[in-house]
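> Let me give you the structure first, and then I'll get to my questions.
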Amino acid sequence: MLTLSLTWMLVSTAVSPAGPALGVERLADDTSLASLYAAREKAWRDYFANSPDLARTLPADFVGIEAGDSLWDDLAETLAAAKASASRGIRLTALRFPRNRVERYGNVAVIHSRYEAELEGPDGRNTIKGHITEVFVWDGGRWIHPSWHMDFDGP
């Protein structure tokens, strides 16, 4: 079983917009629900690929919260965790968001989700499941991802 010292991780090979969406209106340019889900998927894929794009998506004051951690991760710790995960050979092989709820407040979108992620690495395959709340902000040209709070279901 893979153990994860990551924070949030999990992004869909097929993002499902299942579940109700609240206040999902177009704000400007490409701020639709589809663009929001695409930005979420890209952030997760960038995490597992240790892509330099992740540092452009997460702002300097980023906060990542995981179940069981007494401290919150900042941007540097999150980027270091992504790098460590990739160097250990952990790959995201499948991700589903079977339930989503989106709340919009001006240029801010909050996604509450259930997730199921399959990871593969040196220790084999592992499926992790839980809840995640992700915050996105439309900065006029793209979605940035200032925080997430993730919990895990038991083993």
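> From the list A86, A80, A117, which residue is touching a Phe, Trp or Tyr at 6+ places or on another chain (Cβ under 8 Å) and of a type in the set (A, V, I, L, M)?
Working: A80 fails: touching a Phe, Trp or Tyr at 6+ places or on another chain (Cβ under 8 Å); A117 fails: touching a Phe, Trp or Tyr at 6+ places or on another chain (Cβ under 8 Å).
Exactly one residue qualifies, and that residue is A86.
> Based on this model, can you work out whether V108 counts as touching a residue at least 24 places away in the same chain (Cβ under 8 Å), of a type in the set (A, V, I, L, M) and surrounded by fewer than 15 Cβ atoms within 10 Å (Cβ to Cβ)? Please lay out each step first, then the result.
Details: touching a residue at least 24 places away in the same chain (Cβ under 8 Å): yes; of a type in the set (A, V, I, L, M): yes; surrounded by fewer than 15 Cβ atoms within 10 Å (Cβ to Cβ): yes.
Yes; evaluated as a whole, the condition is true for this residue.
> Same structure, new question: Which number in (1) modelled with pLDDT of 95 or more; (2) outside any strand (DSSP E or B) marks the one condition that G154 misses?
It is condition (1) that G154 fails.
> Something else: Can you pull out every residue in the stretch 100-147 that is basic (K, R) and either in a strand (DSSP E or B) or at pLDDT 95 or above (or both)?
Correct list: R101, R104, R114, R125, K129.
> Suppose the filter is hydrophobic (A, V, I, L, M, F, W, C) and touching a strand residue (DSSP E or B) at 6+ places or on another chain (Cβ under 7 Å); does W138 pass it? First the steps, then the outcome.
Numbers: hydrophobic (A, V, I, L, M, F, W, C): yes; touching a strand residue (DSSP E or B) at 6+ places or on another chain (Cβ under 7 Å): no.
No: the conditions fail for W138.
> Another question, then. Could you check the stretch 50-75 and list, in sequence order, the residues that are under 13 Å from the mean Cα position of the chain (by Cα) and not polar (S, T, N, Q)?
First pass over the stretch 50-75, keeping only residues under 13 Å from the mean Cα position of the chain (by Cα): 54, 57-58, 62-66.
Selection gives L54, L58, F62, V63, G64, I65, E66.
> Out of the residues in the stretch 127-144 that are of a type outside the set (G, A, S) and more than 14 Å from I111 (Cα to Cα), which is surrounded by the fewest Cβ atoms within 10 Å (Cβ to Cβ)?
Residues of the stretch 127-144 that are of a type outside the set (G, A, S), as a first pass: 127-129, 131-139, 142-144.
Retained after the next criterion (residues that are more than 14 Å from I111 (Cα to Cα)): 127-129, 139, 142.
Numbers: T127: 13, I128: 20, K129: 15, D139: 10, R142: 16.
This residue is D139.
> Name every residue in the stretch 9-59 that is charged (D, E, K, R) and at pLDDT 50 or above, in order of residue number.
As a first pass, look at the stretch 9-59 and keep what is charged (D, E, K, R): 25-26, 29-30, 40-42, 45-46, 53, 56.
Listed by number, the residues that qualify are D30, R40, E41, K42, R45, D46, D53, R56.
> Follow-up question, since we're still on this one. Scan the stretch 51-85 for residues that are touching a residue at least 24 places away in the same chain (Cβ under 8 Å), buried (at least 16 other Cβ atoms within 10 Å of the Cβ) and not in a strand (DSSP E or B) and report the count.
Total satisfying the criteria: 10.
> Here is a check on your reading of the model: is T127 among the β-branched types (V, I, T) and either on the phi > 0 side of the Ramachandran plot or without any contact (Cβ under 8 Å) to a residue 12 or more places away in the chain (or both)? Outline the logic, then answer.
On the way: among the β-branched types (V, I, T): yes; either on the phi > 0 side of the Ramachandran plot or without any contact (Cβ under 8 Å) to a residue 12 or more places away in the chain (or both): yes.
It is true that T127 is among the β-branched types (V, I, T) and either on the phi > 0 side of the Ramachandran plot or without any contact (Cβ under 8 Å) to a residue 12 or more places away in the chain (or both).
The values are calculated or read from the model by the stated rules, or taken from the named source; none is laboratory data. Values in this document were obtained by computation on a predicted structure and should not be read as measured data. When we count neighbours, we look across all protein chains shown, and the Cβ atoms used for this are built from the backbone with ideal geometry, even at glycine.
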